[in-house]
Structures are given as C-alpha cells and as structure tokens.
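K.L.:
Structure incoming, see below.
Throughout, read-outs are computed from the coordinates displayed, never taken from laboratory work. What you see is a predicted model; the values in this text were computed from it and never measured.
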C-alpha cells in the first residue's frame with residue numbers, strides 16, 4: 001500500500017473536493033482519498049495502480065499536479081468539476 005500527498009492546482013472549495021474524492025475513489029486500487037483545501041493537497045492510499053493513472057485522472061478533472069503547466073483551459077476544467085461537485089454534494 002502506498003500513501004502519498006499530492007499537491008495540486010486549482011483546488012478552490014468543497015465542490016472541488018467532492019469531485020476529486022468521488023472520481024479518485026472510483027479508480028480500482030484506490031482505498032482512501034482525503035482532500036485538504038487549505039493546503040491544495042490530496043492524501044491518497046493506493047495499491048495495484050500506477051501513480052501516473054492518478055495524476056492523469058486529476059489532470060482530466062482540471063486539477064493538475066502543482067508541477068504541471070496550469071493554463072487557462074486547465075483552470076476552466078477545474079471550474080466545471082467544481083460545479084459538478086457542488087451539485088452532487
């Protein structure tokens with residue numbers, strides 16, 4: 001089991017956190033996801049899944065790892081994910 005903290009960009013609110021938690025928890029091999037809005041981070045426990053799959057899912061949602069380029073398109077994706085998270089919460 002791997003436990004990792006991932007620093008991400010575009011994390012704004014509980015809607016964002018809800019979407020991230022739901023989408024990452026649905027990945028096979030992910031057992032726990034905790035989103036820390038104040039520190040722009042995710043604590044995640046996983047096994048039998050590659051880290052790059054997790055990073056790719058975050059990127060698709062609009063929350064790239066803080067080391068990635070964060071252009072306007074990525075920021076717009078995160079707003080869409082945020083809205084969905086607020087609706088589904």
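K.L.:
Calculate how steeply helix 72-88 sits against the longest principal axis of the alpha-carbon atoms of the chain, using the helix alpha-carbon long axis, and give the answer as 0 to 90 degrees to the nearest 10.
P.N.:
That helix lies at roughly 80 degrees to the long axis.
K.L.:
A further question on this structure: More than 16 angstrom separation, counting every C-alpha pair in the chain; what % is that?
P.N.:
On the way: 1803 of 3916 pairs.
Roughly 46 percent, rounded to a whole number.
K.L.:
Tell me the angle of helix 14-25 to the major Cα principal axis of the chain, expressed in degrees between 0 and 90 and rounded to the nearest ten.
P.N.:
That works out to roughly 30 degrees.
K.L.:
Hey, another quick one. In degrees, nearest 10, range 0 to 90: what is the angle between the Cα axis of helix 51-61 and the longest Cα principal axis of the chain?
P.N.:
Roughly 20 degrees between the two axes.
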